[in-house]
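The values are calculated or read from the model by the stated rules, or taken from the named source; none is laboratory data. Computed from a predicted model, the values in this text were never measured in an experiment. Here the Cβ is made from the backbone with ideal geometry for all residues, glycine too, and neighbour counts use every protein chain on show.
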Amino acid sequence: MSASDAAEKWERLVTFARRRLTDHAFHSLTTSSTPATYNGGVLTLLVPDYFTAKWNEEKFSGELASCAPQALGHPLAVKFEIQEDRPQRVQMDLFIEHRSDALQSQTLQRSLKLNPRYTFENFVVGKSNELAAAAASAVAEVPGSVYNPLFIYGPTGLGKTHLMQAIGHAISSAPPGRRIRYLPAEDFTNAYIDAIQHRSMQQFRRQFRELDVLLVDDIHFLRGKEATQEEFHHTFNTLYEAGRQIVMTSDRAPSEIPGIEARLVGRFQWGTVANIDYPDAEHRTAILQRKLEAEHLAHAIPHAVLELLSEHNQGNVRDLEGAVVTLLAFASLRKQPVTIALAHEALRIRGIPLANQLSTDGTHKNAHPSLSIAQVQTTVAAIWNTTPEGLRSKSRLRLLTLPRQAAMLLCRDLLRSTLTEIGIAFGGRDHSTVIHSIQRAELEATRDTEFQTKLATARSILSVVPEQLANN
Amino acid sequence: MRITISREKLQESLSAVVSSVPSKSTLPVLANVLVETVERGLRISATDLDIAVSVQAPADIEVQGAITVPARKLHEISRELPAGPVHLHTVGEQRLNVECGQSKFRLLGLPKDEFPAFPVVAFGDRGVVQSSDLHRLIGHTAFAVSVEESRPILNGVLWELGQSQQRMVATNGHRLAKFELPLPQASASQVEQFIIPPKALEQVRKLFPEGEEIQLGHAENHLGFQSPIASVLTRLIEGPYPNYEQVIPRDNDRSAVVNRANLTSALRRMAIVASDQTHRVRLSFNTAILRFSVQTPDLGEAQDEMAVDYAGDPLEIGFNGMYLLETLRYMPTDEVRITFKNPERAATIEPASWGDSAKYLCLVMPLRLVD
């Protein structure tokens with residue numbers, strides 16, 4: 001759980017940091033801060049007021065972050081946030097801004113609970129997300145006018161939440177003071193349930209219908225929740241009719257979300273539906289670059305290593321960034337600069353697959369010696385009741401595309417074949433087609449239980465008895 | 001060690017340092033004073049590890065030496081001894097004989113080497129300050145420091161030495177005091193800032209009477225004040241001090257001039273029934289009249305009013321009565337000028353019609369008036 005994680009990390013961090021701080025400083029830091037959450041490499045601590053938050057931020061954030069690799073084994077950023085539920089004191093403070101000041105936007109920002117790193121500046125635009133990014137920018141500029149509602153979908157970890165929160169940051173920090181709310185759909189559901197239980201529906205409705213901008217993350221969470229969908233439907237209508245901006249994200253396109261009422265699906269599509277796809281290699285490199293710049297580590301990783309990471313990590317952005325973090329921690333622990341060799345070592349040890357790890361005799365290191373692409377094709381064809389030739393053919397019948405995608409996925413996972421090799425073995429297909437197919441296979445595996453089962457079966461057959469396969 | 005010293009001088013010296021002896025400490029030697037011979041007499045020192053003070057008194061030295069003995073006991077002895085010269089001599093490393101007339105005492109102490117060494121501070125290159133200036137600066141600001149632990153930086157007084165002026169600032173986050181004096185010549189080429197524990201400044205006030213020139217010394221985390229017969233060395237509080245300039249309001253457009261004594265007595269009356277926690281007093285300014293009101297549930301209420309030189313729009317504002325009273329106490333003039341913007345901004349209090357070369361400004365943040 002995030003909270004006890006946070007406490008534990010804090011404990012270890014300050015124990016280590018103690019020797020680097022004066023007694024006085026240590027005391028001041030530890031008595032003023034309470035660990036709250038640990039998410040995405042950021043440890044958040046609660047402090048009583050803005051003054052303390054600013055003070056601790058300036059005096060300790062940098063020091064603590066630099067201790068993290070040694071104290072915890074991985075990098076970490078430390079953030080101080082104000083404990084919002086403290087009652088407002090009667091005695092006002094010289095150093096703490098008063099609520100009714102023009103600096104209300106700061107309070108607003110804090111209450112929006114946005115990740116400070118999710119801004120437009122930090123968002124790397126590429127072919128896979130340029131439409132979504134452009135729409136989001138436009139919405140931030142003039143909410144409620146052109147792209148309303150804005151529906152952004154795509155696989156996890158590619159930046160949907162980032163983009164949505166960037167809209168939040170941009171709107172809340174620019175005048176005029178707009179009433180804006182960001183929350184995951186799960187929170188909306190919980191708030192709705194709360195409102196029913198505590199008979200505070202009026203307040204609930206005021207909260208969500210008297211807004212200029214509503215940002216709801218992971219709207220697919222409403223799947224199957226009829227009552228909440230009903231409420232959301234009304235909320236949507238109220239806002240839409242008044243020309244207020246609605247932005248939603250989801251892991252898939254509106255029409256593909258199971259368990260959502262048709263009239264909601266329709267509404268999701270009333271404005272702009274933009275999709276974020278996997279970034280290509282160049283885009284991935286740019287993302288990594290930006291991540292490093294944001295952490296003031298622009299020169300920590302040579303470009304060649306970044307390209308290596310991009311090329312071999314086709315996962316989502318989070319995986320990419322995770323790889324960078326791992327690499328930096330590894331380098332810091334080893335007290336070595338980051339090189340290609342170090343990168344190979346670090347990522348292998350951490351179990352992050354790096355394709356193309358060739359051993360000296362040119363064969364794939366991690367591949368099972370007697371397993372071949374042909375065997376994968378044969379096994380998969382058998383399970384899906386088709387033929388290896390069919391898998392290699394150009395046919396786009398669903399009967400064939402599904403097992404073809406499954407087979408490609410297995411070739412990558414079990415054989416560590418390169419995309420090019422797979423492409424060639426499946427009828428001369430392009431490596432980008434192969435990427436796409438593998439992604440489709442992964443997606444299908446999350447949606448279709450039959451596909452999942454077949455895939456698992458194939459996987460277990462191919463992993464266990466390759467010699468017997470060779471004999472078949 | 002063998003010396004002879006007058007009873008008065010011994011008692012004076014001990015009185016001067018005994019307040020620096022910590023009342024409880026895990027280190028036993030801190031409860032002692034260090035008594036040692038120096039060129040012209042005796043030096044007596046005390047420390048609590050953050051602040052170290054020492055004073056010198058003339059004495060006849062027969063044999064040089066040093067020892068530490070329980071501070072309070074020696075102090076009491078020096079008070080109760082009969083008139084006449086006091087002979088001090090050590091027996092071994094840990095015993096001190098104190099004899100005066102027929103009274104003989106032997107105190108058990110600790111060897112001098114157990115006494116913590118003072119950090120070395122280089123005096124002479126930091127220039128001098130006038131003790132009278134220090135008295136004024138400290139006297140008008142030190143009261144305003146924070147006594148809470150939540151914001152330790154505010155537990156210290158800021159001493160800023162600039163090109164042509166020096167100032168001290170102290171605040172607890174709710175009220176602030178800033179006192180500024182011109183400097184005849186710049187002591188350093190750039191602005192220096194020290195954040196000093198008020199206890200040390202209190203010692204400075206006690207040990208350096210007005211009219212003296214005090215040498216300043218500075219070493220990393222310590223600041224030293226030295227005169228021929230006394231010295232105060234203190235650990236400094238790590239900065240940076242919050243930006244106090246930023247919180248001084250520049251656009252307060254309503255002002256009142258009030259008689260200090262009248263305002264003080266009215267506030268003292270109101271304070272009697274004000275809340276123990278917030279000490280809230282509601283002030284209501286109207287043309288030429290200031291009304292006070294206090295309402296404390298389960299206790300009672302009070303009203304009062306007084307004439308005031310005020311010509312702005314009506315203003316209702318709440319304050320912690322204690323903050324106002326304290327601030328007024330240190331105002332040097334019979335009349336004070338108070339300025340406001342609105343009930344949510346800091347009010348300023350300054351001496352009115354003050355012909356001094358010094359500048360004095362206090363701020364007090366209001367209380368929310370929840371109705």
Have a look at B:GLU148, B:GLU160 and point out the one that is more than 12 Å from every other protein chain (Cβ to nearest Cβ) and surrounded by fewer than 21 Cβ atoms within 10 Å (Cβ to Cβ). B:GLU160
Taking the range B:1-56 and keeping only residues that are in a loop (DSSP other than H, G, I, E, B) and either modelled with pLDDT of 95 or more or β-branched (Val, Ile, Thr) (or both), one is left with B:VAL21, B:THR26
Only one of these is modelled with pLDDT under 95, under 28 Å from B:PRO184 (Cβ atoms) and out of contact with any strand residue (DSSP E or B) (no Cβ under 7 Å at 6 or more places or on another chain): B:ASP371, B:ASP356. Name it. B:ASP356
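Let's see how each residue does on (1) touching a helix residue (DSSP H, G or I) at 6+ places or on another chain (Cβ under 7 Å); (2) part of a loop (DSSP other than H, G, I, E, B); (3) in the same structural domain as B:SER13 (by TED's automatic domain parsing):
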{"site": "B:ARG136", "(1), (2), (3)": "no, no, no"}
{"site": "B:HIS140", "(1), (2), (3)": "no, no, no"}
{"site": "B:GLN163", "(1), (2), (3)": "no, yes, no"}
{"site": "B:MET168", "(1), (2), (3)": "yes, no, no"}
In the range B:146-161, what count of residues is obtained for those that are closer than 15 Å to B:VAL129 by Cβ and either in contact (Cβ under 8 Å) with a residue 60 or more places away in the chain or assigned to a loop (DSSP other than H, G, I, E, B) (or both)? 0
Name the pairs whose Cβ atoms lie under 8 Å apart, with the first residue in the range B:283-299 and on the phi > 0 side of the Ramachandran plot, the second modelled with pLDDT of 90 or more and in a strand (DSSP E or B), and 6 or more positions between them or separate chains? B:ALA288/B:ALA307; B:ALA288/B:ASP309; B:ALA288/B:TYR310
Take the conditions of a type in the set (Asp, Glu), assigned by TED's automatic domain parsing to the domain that holds A:VAL265 and surrounded by fewer than 18 Cβ atoms within 10 Å (Cβ to Cβ) and apply them to A:ASP217. Does it pass? no
Taking the range A:145-156 and keeping residues crowded, with 18+ Cβ neighbours inside 10 Å and either at pLDDT below 90 or of a type outside the set (A, V, I, L, M, F, W, C) (or both) leaves A:TYR147, A:ASN148, A:PRO149, A:TYR153, A:GLY154, A:PRO155
What pairs come up if the first residue lies in the range A:104-120 and is modelled with pLDDT under 80, the second is of a type in the set (Lys, Arg), and their beta carbons are under 7 Å apart, counting only those six or more places apart or on different chains? A:THR107/A:ARG99
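Given the criteria among the aliphatic types (A, V, I, L, M) and surrounded by 14 or more Cβ atoms within 10 Å (Cβ to Cβ), does B:LEU88 qualify?
yes
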Selection count where residues are of a type outside the set (Gly, Ala, Ser) and either at pLDDT 80 or above or surrounded by 17 or more Cβ atoms within 10 Å (Cβ to Cβ) (or both), scope the range A:346-383: 13
Among (1) closer than 28 Å to A:PRO258 by Cβ; (2) at pLDDT below 85; (3) not hydrophobic (A, V, I, L, M, F, W, C), where does A:SER463 come up short? (1)
For the range B:296-313, does any single residue satisfy the condition of being within 28 Å of the chain's Cα centre (by Cα), within 14 Å of another protein chain (Cβ to nearest Cβ) and of a type outside the set (D, E, K, R)? no
The residue from A:GLU57, A:GLU63 that alone is in a helix (DSSP H, G or I), within 14 Å of chain B (Cβ to nearest Cβ), closer than 20 Å to A:ASN115 by Cα and among the charged types (D, E, K, R) is A:GLU57
Looking at the range B:271-292, can you tell me whether even one residue there is part of a helix (DSSP H, G or I) and more than 14 Å from chain A (Cβ to nearest Cβ)? yes
Among the residues of the range A:22-45, is any within 14 Å of chain B (Cβ to nearest Cβ), buried (at least 19 other Cβ atoms within 10 Å of the Cβ), aliphatic (A, V, I, L, M) and not in a helix (DSSP H, G or I)? no
How about the range B:225-259: which of its residues are assigned to a loop (DSSP other than H, G, I, E, B), surrounded by fewer than 18 Cβ atoms within 10 Å (Cβ to Cβ) and within 12 Å of chain A (Cβ to nearest Cβ)? B:GLU238, B:GLY239, B:PRO240, B:ASN243, B:ILE248, B:PRO249
Given the conditions (1) at pLDDT below 85; (2) among the aliphatic types (A, V, I, L, M); (3) surrounded by fewer than 17 Cβ atoms within 10 Å (Cβ to Cβ), every one holds for A:MET201 apart from (1)
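From the list B:LEU74, B:LEU96, which residue is within 20 Å of B:ALA230 (Cβ to Cβ) and either over 30 Å from the mean Cα position of the chain (by Cα) or in contact (Cβ under 8 Å) with a residue 40 or more places away in the chain (or both)?
Values: B:LEU96 fails: within 20 Å of B:ALA230 (Cβ to Cβ).
Being within 20 Å of B:ALA230 (Cβ to Cβ) and either over 30 Å from the mean Cα position of the chain (by Cα) or in contact (Cβ under 8 Å) with a residue 40 or more places away in the chain (or both) holds for just one of B:LEU74, B:LEU96, which is B:LEU74.
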List the number of the failed condition for A:PHE236; all other conditions in (1) without any contact (Cβ under 8 Å) to a residue 40 or more places away in the chain; (2) in contact with a Lys or Arg (Cβ under 8 Å, 6 or more places away or on another chain); (3) part of a helix (DSSP H, G or I); (4) not hydroxyl-bearing (Ser, Thr, Tyr) hold. (1)
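Kindly indicate whether B:VAL364 is without any contact (Cβ under 8 Å) to a residue 60 or more places away in the chain and either touching a Gly at 6+ places or on another chain (Cβ under 9 Å) or within 14 Å of another protein chain (Cβ to nearest Cβ) (or both).
Working: without any contact (Cβ under 8 Å) to a residue 60 or more places away in the chain: no; either touching a Gly at 6+ places or on another chain (Cβ under 9 Å) or within 14 Å of another protein chain (Cβ to nearest Cβ) (or both): yes.
Taking the combined requirement at face value, the residue does not satisfy it.
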Within the range B:94-113, which residues are closer than 16 Å to B:MET1 by Cα and touching a Lys or Arg at 6+ places or on another chain (Cβ under 9 Å)? B:ARG95, B:LEU96, B:ASN97, B:VAL98, B:PHE105, B:ARG106, B:LEU107, B:LEU108, B:GLY109
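Looking only at residues in the range B:97-131 that are of a type in the set (Gly, Ala, Ser) and either modelled with pLDDT under 85 or crowded, with 16+ Cβ neighbours inside 10 Å (or both), which one is nearest to B:GLU213 (Cα to Cα)?
Restricting to residues being of a type in the set (Gly, Ala, Ser) and either modelled with pLDDT under 85 or crowded, with 16+ Cβ neighbours inside 10 Å (or both), the top hit is B:SER131.
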Does B:GLN277 satisfy the criteria of being free of Cβ contacts under 8 Å to residues at least 12 places away in the same chain and surrounded by fewer than 17 Cβ atoms within 10 Å (Cβ to Cβ)? yes
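Mind listing whichever residues of the range B:331-348 are away from chain A (no Cβ under 14 Å) and either under 18 Å from B:ASN320 (Cα atoms) or in a strand (DSSP E or B) (or both)?
B:MET331, B:GLU335, B:VAL336, B:ARG337, B:ILE338, B:THR339, listed by residue number.
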Of the residues that sit in the range B:351-361 and are among the aliphatic types (A, V, I, L, M) and within 19 Å of the chain's Cα centre (by Cα), which one is farthest from the other protein chains (Cβ to nearest Cβ)? B:ALA358
Just to be sure, is A:GLY159 within 16 Å of the chain's Cα centre (by Cα) and either outside the structural domain of A:GLN289 (by TED's automatic domain parsing) or over 25 Å from A:GLU256 (Cα atoms) (or both)? yes
